[in-house]
Amino acid sequence: MFPKSERAAIIDIGSNSVRLVIYDVLGASILPTFNEKVMAGLGQGLMRTGHLSVEGREAAIRALGRYRAILKALGLRNFTAVATAAVRSAEDGPDFIKTASRVLGRKILTLSGEDEARLSALGVEASFYKSEGIIGDLGGSSLEFKRVGGRSARGESLMLGPLSLAEGDFDPKALRKTIRTELKKSRVLASASGRFYAVGGAWRTLAKLNMQLENYALQVLQGYQMTESQVSRVTKVCLDSLTNAASRSMLEAIDKRRAKHLPIAAMLLQEILAMSSLEGVSISSSGLREGVLRDLTGTPTADPLMDGVIAFARLDHNQIQFGQALHDFIAPALAPEPDLFGSPAADKRIEQAACMMADSAGRFHPDHRSIMAYDQALRAPYSGLSHSERALIAYAIGCRYEKDFKRPAEYEGLTTPEQDERSRQIGSAMRLGAVFSGRSGPILRRAKLVRRGDTLQLRVGKADEAMLSDTVRRRLSQTASQLNLKPDTSID
């Protein structure tokens, strides 16, 4: 069944930025197709004055007028706008909302702190597979915490954003003391376990910095993980930037607008890990906006991976049918392995996703098809998987399109030798299934690929005997060799 498809937009009026994101929603997949922000700085000076920044108000109003024009030109009426901590805390917040709603042509909703935490958690749950831990959404003025996975609990909002903490002279020791004092008040953090899902532009920038420090090849933020020691190293670089020109230049090269706030964001992240039993950090590219979108569209709470593959690769009904049949065809041939990603169920969903992408590169030039298919699978903006899972899928897809496919060397460290071997097995079996069936699901479902002792047997019906071409027999031999088996065919 083809997932339900629709288009929707979210406008997020934050303490730092005003952003418009337009999404294609396909089943459980949320795929951003347009993303524009204006760094208005509404919350600048709020803690001192109690009012929104005058310049920030003007910039935000101009942005909303532009966003209204874009949405009207696109004929997109399925959108909603929300405002967060700065607007709800400011004395002139209600007046700003009145003016902003008139400019936008639609009522803007001011979220409570608890709403903000709940919606950010929804966004994280929409982009991770079985997330367990707490989310932390760091905006300009506030920091929201909420538990994800397990028993449901209320979220909370703390005024610990960089704009709330940056008033006056920057004294790292005093600031760290303030952060610790405020974090000790958090009931969510006090009982936290599992992973910390970091949401927000400042923490994504810290992840970019760590990638640079680690010389990490895969520049994909969604699902990127950091250890407590890596966070401490990043924090040191950020604090050094206050007095060291080289460190400051490094931060500004990554994100000049956010560089001045990164020392605060880094100290917050370091203290969160130090004061809790959390296992480490997972970066989430999804958060509040995606949570609001789920509320707006009724996007199901489900594994986003398969729908994400379908959405990104723009698979049609025949391709989806072929991908499903292909996994059913190759699965009996794959020998049981120690868990590659924690459980047989976790391994299976990665194999299924690879099979769903097996017909995704047919439009690419044949001279470049394997590497283009590999790169697409490795970097595509689908979610619900770790970097090692991405890498296994990508390597399998490369092997599906080229017998002796070689990955770029810089990506080899993303997977273990056992995962690499499974990638090659999946890729070879997909090559066999594709050429045998002509990439036809119905034909593939009439055949079986099974292990019989030390042989790999392709069993077909009498009516499909003509499908056993020389190329098919050669691919069967290659797949059998990859599985350390002997090839065999059977006509029933």
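The values are calculated or read from the model by the stated rules, or taken from the named source; none is laboratory data. Only a predicted model underlies this, so the values are computations on that prediction, with no experimental measurement involved. Because the Cβ atoms are built from the backbone with ideal geometry, glycine has one as well, and the counts that use them run over all protein chains shown.
Okay, here's what the table says:
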| item | result |
| --- | --- |
| The stretch 71-107: number of residues that are of a type in the set (A, V, I, L, M, F, W, C) and either under 19 Å from Asn35 (Cβ atoms) or not assigned by TED's automatic domain parsing to the domain that holds Arg48 (or both) | 9 |
| Among residues of the stretch 283-307, those that are hydroxyl-bearing (Ser, Thr, Tyr) and buried (at least 24 other Cβ atoms within 10 Å of the Cβ), counted | 3 |
| Qualifying residue in the stretch 433-453 (condition: in contact with a strand residue (DSSP E or B) (Cβ under 6 Å, 6 or more places away or on another chain), surrounded by fewer than 17 Cβ atoms within 10 Å (Cβ to Cβ) and over 16 Å from Ser370 (Cα atoms)) | yes |
| Ala311, sole failed condition from (1) buried (at least 21 other Cβ atoms within 10 Å of the Cβ); (2) over 20 Å from Val25 (Cα atoms); (3) aliphatic (A, V, I, L, M) | (2) |
| Filtered residues of the stretch 312-340 (kept if within 17 Å of Tyr395 (Cα to Cα) and in a loop (DSSP other than H, G, I, E, B)) | Leu334, Leu340 |
| Matching strands (runs of 3 or more DSSP E) fully within the stretch 434-492 where at least 1 residues are among the hydrophobic types (A, V, I, L, M, F, W, C) and within 21 Å of Tyr401 (Cα to Cα) | 448-452, 455-460 |
| Flag if Phe329 is buried (at least 18 other Cβ atoms within 10 Å of the Cβ), in contact with a Cys (Cβ under 9 Å, 6 or more places away or on another chain) and not assigned by TED's automatic domain parsing to the domain that holds Leu163 | yes |
| Qualifying positions in the stretch 289-311 - part of a loop (DSSP other than H, G, I, E, B) and in contact (Cβ under 8 Å) with a residue 24 or more places away in the chain | Thr299, Pro300, Thr301, Ala302, Asp303, Pro304 |
| Residues located in the stretch 164-187, provided they are in contact with a helix residue (DSSP H, G or I) (Cβ under 8 Å, 6 or more places away or on another chain) and either hydrophobic (A, V, I, L, M, F, W, C) or closer than 20 Å to Arg118 by Cα (or both) | Leu165, Ala166, Phe170, Leu175, Ile179, Leu183 |
| Residue ID - nearest to Leu42 (Cα to Cα), chosen from residues in the stretch 134-169 that are modelled with pLDDT under 90 and of a type in the set (S, T, N, Q) | Ser141 |
| Matching strands (runs of 3 or more DSSP E) fully within the stretch 2-117 where at least 2 residues are aromatic (Phe, Trp, Tyr), free of Cβ contacts under 8 Å to residues at least 24 places away in the same chain and surrounded by fewer than 16 Cβ atoms within 10 Å (Cβ to Cβ) | none |
| Hey, Ser241 surrounded by fewer than 20 Cβ atoms within 10 Å (Cβ to Cβ) and not assigned by TED's automatic domain parsing to the domain that holds Val435 or not | no |
| Criterion: within 21 Å of the chain's Cα centre (by Cα), within 25 Å of Met39 (Cβ to Cβ) and either part of a loop (DSSP other than H, G, I, E, B) or of a type in the set (S, T, N, Q) (or both) - qualifying residue of Ser282, Ser286, Ser247 | Ser286 |
| Filter result for Arg57 (touching a Gly at 6+ places or on another chain (Cβ under 6 Å) and modelled with pLDDT of 95 or more) | no |
| Residue that is over 24 Å from Ser157 (Cβ atoms) and in contact with a Lys or Arg (Cβ under 7 Å, 6 or more places away or on another chain), where the choices are Gly75, Gly65, Gly27 | Gly27 |
| Residue within the stretch 181-195 that is among the charged types (D, E, K, R), at pLDDT 95 or above, under 27 Å from the mean Cα position of the chain (by Cα) and within 24 Å of Val38 (Cα to Cα) present | no |
| Every residue from the stretch 465-492 that is among the hydrophobic types (A, V, I, L, M, F, W, C), surrounded by fewer than 15 Cβ atoms within 10 Å (Cβ to Cβ) and touching an Asp or Glu at 6+ places or on another chain (Cβ under 8 Å) | Ile491 |
